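Single-structure report; data block below.
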Amino acid sequence: MVRVRGPKSVQVGLNLYFLQISGTWEPNEDERKAAWELHVELVTRIAVVPLGADDGLLREALSSLYTLFATTREILRKYGPDVAEPKPDGQYNFGVLAVAMLNYALRPVLARWHPALEEWEAARLPGRSRGEHEVAWDRAQELRGALDDVRTAMTEYARVMADACGVPDLISATQLAVGERA
């Protein structure tokens, strides 16, 4: 069994669309393990990697964000009530932070953009590639901007999760390692 270690207390500061989260979190052992699992999920998805102006498909980016719902639910079920236990003095817990991520960072973006993109996709002419069709969408840059905004929030979540389980922020560590070789 791998023991994940971390600091006694983590400062949380998240700026979501409709919600500001600021305070302290003293994670228990199960919360640290859950934080590690969520951190890994976040840092290995488009959720925290910039999507260049001509890179990737918008549908794939939205789908990647959408899968975070199932993944986060699974983490919450796996670790059970111990990750949502009430804390003294208004401290946060993993459960509250995870649900806030889903409902206040991801859900607004997905609720707005999944149907809009789906409508555009339905109008694709036979013989036209998905990529060509997406580039021709007059709202493509607007969606890319929304993805960039959610990336900022998800990056902050990933950093809080890294802090909670006492590991280096893998986003910054990877950028430094790649930057040193370039």
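The values are calculated or read from the model by the stated rules, or taken from the named source; none is laboratory data. Nothing here was measured: the structure is a model prediction, and the numbers come from that model. Here the Cβ positions follow ideal geometry from the backbone for every residue, glycine too, while neighbour counts run over all protein chains shown. Protein only, heavy atoms only, side chains kept; ligands, DNA and RNA dropped before computing areas. Shrake-Rupley method; radii C 1.70, N 1.55, O 1.52, S 1.80 Å.
I'd like to check something: does segment 149-170 contain any residue that is in a helix (DSSP H, G or I), at pLDDT below 90 and on the phi > 0 side of the Ramachandran plot?
Among the residues of segment 149-170, not one is in a helix (DSSP H, G or I), at pLDDT below 90 and on the phi > 0 side of the Ramachandran plot, which makes the answer no.
Restricting the search to segment 57-80, which residues are without any contact (Cβ under 8 Å) to a residue 12 or more places away in the chain and either over 27 Å from Ala116 (Cα atoms) or more than 15 Å from the chain's Cα centre (by Cα) (or both)?
Within segment 57-80, Glu74, Arg77 qualify.
So, of the residues in segment 47-56 that are in contact (Cβ under 8 Å) with a residue 40 or more places away in the chain and open to solvent by less than 50 Å² (accessible area, probe 1.4 Å), which turns out to be farthest from the chain's Cα centre (by Cα)?
Leu51
Among the residues of segment 108-135, how many are among the aromatic types (Phe, Trp, Tyr) and in a loop (DSSP other than H, G, I, E, B)?
Adding up the residues that qualify gives 0.
Name the pairs whose Cβ atoms lie under 9 Å apart, with the first residue in segment 32-46 and in a helix (DSSP H, G or I) and open to solvent by 40 Å² or more (accessible area, probe 1.4 Å), the second of a type in the set (A, V, I, L, M, F, W, C) and at pLDDT 95 or above, and 6 or more positions between them or separate chains?
Glu37/Ile75; Glu41/Leu68; Glu41/Ile75
Answer yes if at least one residue in segment 86-97 is under 22 Å from Glu156 (Cα atoms), under 20 Å from the mean Cα position of the chain (by Cα), open to solvent by 30 Å² or more (accessible area, probe 1.4 Å) and at pLDDT below 95, and no otherwise.
yes
Tell me, yes or no, whether segment 118-127 has at least one residue that is under 20 Å from the mean Cα position of the chain (by Cα) and either touching a residue at least 60 places away in the same chain (Cβ under 8 Å) or crowded, with 18+ Cβ neighbours inside 10 Å (or both). Talk me through it step by step, then tell me what you get.
Just the residues of segment 118-127 that are under 20 Å from the mean Cα position of the chain (by Cα), to begin with: none.
No; the residues of segment 118-127 include none that is under 20 Å from the mean Cα position of the chain (by Cα) and either touching a residue at least 60 places away in the same chain (Cβ under 8 Å) or crowded, with 18+ Cβ neighbours inside 10 Å (or both).
For residues in segment 131-169 being among the charged types (D, E, K, R) and either within 15 Å of Arg112 (Cβ to Cβ) or touching a helix residue (DSSP H, G or I) at 6+ places or on another chain (Cβ under 8 Å) (or both), which is least open to solvent (accessible area, probe 1.4 Å)?
The residue in question is Glu134.
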